[in-house]
Amino acid sequence: GLDSTLAIKLMLEQGIEVHALNFLTVFCNCTSKGCRHQATKVAEEFKVPIKVMNITEEYMEVVKNPKYPRGRNMNPCIDCRIFTFKKAKDFMDEIGASFVITGEVTGQRPMSQRKQAILTIEKESGLKGLIVRPLSAKFFEPTIPEKEGVVDRNKLLDIQGRRRNQQMALAKEFNINDYPCPAGGCLLTDNGFSARLKDLLKYNAGYDIADLHLLKIGRHFRISDSLKFIVGRDGKENERLMGFSKEGDFIFDALDIPSAVGLARGKAGAEDIDTMASILARYSDSHDSSLKVSYRVLPGEEWKAVSAENATQSLLGSLRI
């Protein structure tokens, strides 16, 4: 993001060697091209090495069992920061670095960037006195690198709050023009995504990474305790659904006309088949009240067809996650 980019630039301006660290999870939603792409692009421009770490599997334990309160949805922001800072500390020790820098700005985020929360995170991560915040340093006591003269505190800033006017002006000064993700994005703060995640954790204790990716695609319906149905919104989502399909999944399609594609995962009886076919019919391009919907079980079962009436709005509302 923009803040981290500026933090690195301010350190480079002081002649400090920087090694970038980029954390990825399936919940990252900050750019259309992805956080990894943007972080790597910035590292290349600044000629700094970068390590990209996908932490989804470990991070899920934090999501499920946070020590500190969540935000309004499934976002465990304080625990998230503690977790990633611990990872950064391990990496710092591994490469022999002296301290950690971040793009944190006090008051920018309501959960994890309140001053007291920042200090709690620093203490619990085992990095007390070793986190330099170039954008917001003047609101904190001098860190060890500042006291030792490694970092010139006079060249650090006093940015605070949620507005980014100062950061954008600084980016212009440094000729940093391409920052599509100035504020970052986390799907765990989203109402709809959080509802889907809660549903997954409740009904599918044996979930895998593909199940987490599926939470970002299509319309989701809870058919029964052991069955979920996902319907693509457009051609691109239809392709992504198929890309995450696996043996034993049910695929639904109206083969004779343009329509959404549906993917069902779990145990389905005849009544469930009819229900899912009616949902798919509702999202087809047909103007008729009923439609022939085909379905099959992966990998190689033959297509079967059922006649389905369009699902009512009431049914959709009662099943939709």
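Computed values, structure above
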{"item": "Principal axes of the chain: Cα extent on each, largest first, Å", "result": "76, 39, 34"}
{"item": "Whole-percent pair-distance distribution, where bins are 10 Å wide, for the alpha carbons of segment 189-321", "result": "13, 48, 34, 6, 0"}
{"item": "Accessible carbon and sulfur surface of the chain relative to its total accessible area, %, 1.4 Å", "result": "47 percent"}
{"item": "Residue-normalised accessible area of the chain, expressed per residue, 1.4 Å probe, Å²", "result": "51 Å²"}
{"item": "Sparse-neighbour loop sites [trypsin sites (Lys or Arg not before Pro); segment 29-126; at most 13 other C-beta within 10 Å; DSSP]", "result": "Lys33, Lys47, Lys67, Arg72"}
{"item": "Flagged links, alpha-carbon separation over 23 Å, of Lys202/Lys292; Lys172/Lys216; Lys115/Lys155", "result": "Lys202/Lys292; Lys172/Lys216"}
{"item": "Among Asn75, Asn238, Asn65, residue whose mean-square fluctuation peaks in a GNM of the chain (springs only between Cα atoms under 10 Å)", "result": "Asn65"}
{"item": "In segment 231-321, chymotrypsin sites (Phe, Trp or Tyr not before Pro) in a DSSP loop with at most 12 other beta-carbon atoms within 10 Å", "result": "Trp303"}
{"item": "Long-range lysine pairs (8 or more apart or interchain), segment 1-95, Cα under 20 Å", "result": "14"}
{"item": "Ellipsoid semi-axes in whole angstrom, largest first, where each is sqrt(5λ) of the Cα gyration tensor of segment 1-133", "result": "23, 18, 15"}
{"item": "Space enclosed by the convex hull of the alpha-carbon atoms of segment 188-248, per residue, Å³", "result": "92 Å³"}
{"item": "Pairwise Cα inverse-distance average, inverted: Kirkwood Rh of segment 115-231 (Å)", "result": "18.5 Å"}
{"item": "Accessible-area value, Cys186, 1.4 Å probe, nucleic acids and ligands omitted, Å²", "result": "60 Å²"}
{"item": "Antiparallel bridge percentage (DSSP; both residues within the chain; nearest 5)", "result": "80 percent"}
{"item": "Of the GluC sites (Glu not before Pro) in segment 178-283, those whose Cβ has at most 11 other Cβ within 10 Å and which sit in DSSP loop", "result": "Glu247"}
{"item": "Helix-only [θ]222 nm of the chain, DSSP H runs n ≥ 4, -39500 (n - 2.57) each, per residue, nearest 500", "result": "-11500 deg cm²/dmol"}
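The values are calculated or read from the model by the stated rules, or taken from the named source; none is laboratory data. None of the values given here were measured: they were computed from a predicted structure. Glycine gets a Cβ as well: all are built from the backbone with ideal geometry, and neighbour counts include every protein chain shown. Heads up: the accessible areas ignore ligands, DNA and RNA and are worked out on the full protein's heavy atoms, side chains in. Shrake-Rupley method; radii C 1.70, N 1.55, O 1.52, S 1.80 Å.
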